[in-house]
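Beneath this line is the structure, given in structure tokens, with notes to follow.
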Amino acid sequence: MSTRKPPRKPLIAANWKMYKTPTQAKEFVSVFLPLVHGHTRDEIVLCPPFVDIATVLAATHDSNVHVGGQNMHWQAEGAFTGEISAAMLAAAGCTHVILGHSERRQLFGETDETVNQKLHTALQHKLMPIVCVGELLAEREDGKTEEVLLRQTSKALVGIAADAARHIVIAYEPVWAIGTGKTATPEMAAEAHLIIRSQVARSLGRELADKMRILYGGSVKPENATTLLNQPEIDGALVGGASLDPQSFAKIVQYITF
Ligand code: PEP
């Protein structure tokens, strides 16, 4: 058995990014659901594009699969063309939301400050936030991994109350490993997770830090899921490319526990 302490239920989330029409999303669920039927060891979340959310929610109704958004705005509502609010995600039936994904940070100008504002709003709407942090390749090569992880984690958590914080999930996603086929070694991931957890302890206290789930993301595939997910510090995975195929994502969900 893995030695997660205290026991933290692993969470395996699919980030479909800008892939799949509603029809394709429905097809995915019809193949995927029977493959993970009755699976309770891990929390399973699908994060489809916004236009697929209603379809995926209807198709997963009464199942062990949750649905989340890939992003949201921090304001309750307003003149923000093209944006989606936390209230809209929650009212649609989403239970989770990805915040601060590196593609949002790099391509759409998200900052540590907007991630923090989004985190506050997501918690107010009872969405379980999956907050992404992770260093660029240049930052790792310059020996700045620790500094980046401490900064991103501490800034994300500014002003968060302890009672709300127990719903937060953090995803360590080294940017150089996302969609590249390169994976952090289990040791690299475990080291980064310890750094993140140490900052959570400074921001929110040791007890909450010990309970917080920290996922790994970056080219997780069926072939490496078992090794990664058996690291005691790794409490689940955020999966991009390999989550687009139902068989492949089901194999990741069914990693073998040592
Ligand atoms: C991601 O998009 O969060 C991700 C980890 O992608 P991939 O698994 O394709 O590297």
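Hey, among Arg206, Arg166, Arg197, which residue is closer than 22 Å to Asp42 by Cβ, at pLDDT 95 or above, more than 16 Å from the ligand (Cβ to nearest atom) and among the basic types (Lys, Arg)?
Just one listed residue meets the conditions, Arg197.
Considered as a group, the residues in the range 169-183 that are under 18 Å from Ile196 (Cα atoms), near the ligand (Cβ under 8 Å from one of its atoms) and in contact with a Ser or Thr (Cβ under 9 Å, 6 or more places away or on another chain) include one that is modelled with the highest pLDDT, and that residue is Glu173. Quick one: in the range 86-101, of everything that is buried (at least 19 other Cβ atoms within 10 Å of the Cβ) and part of a loop (DSSP other than H, G, I, E, B), which residue is nearest to the ligand (Cβ to nearest atom)? Top of the filtered list is His101. If the condition is being touching a residue at least 40 places away in the same chain (Cβ under 8 Å) and away from the ligand (no atom under 14 Å from the Cβ), then the range 215-251 contributes Thr227, Asn230, Gln231, Pro232, Glu233, Asp235, Pro246, Gln247, Ala250. Taken together, the residues in the range 11-41 that are crowded, with 22+ Cβ neighbours inside 10 Å, over 19 Å from Ala92 (Cα atoms) and of a type outside the set (A, V, I, L, M) amount to 2.
Only one of the numbered conditions (1) crowded, with 19+ Cβ neighbours inside 10 Å; (2) more than 16 Å from the ligand (Cβ to nearest atom); (3) free of Cβ contacts under 8 Å to residues at least 12 places away in the same chain is violated by Glu110, and that is (2).
The values are calculated or read from the model by the stated rules, or taken from the named source; none is laboratory data. This structure is a prediction, so every number in the text was calculated from the model and none was measured. Positions of Cβ are generated from backbone atoms using ideal geometry, with glycine treated the same way; all protein chains shown enter the neighbour counts.
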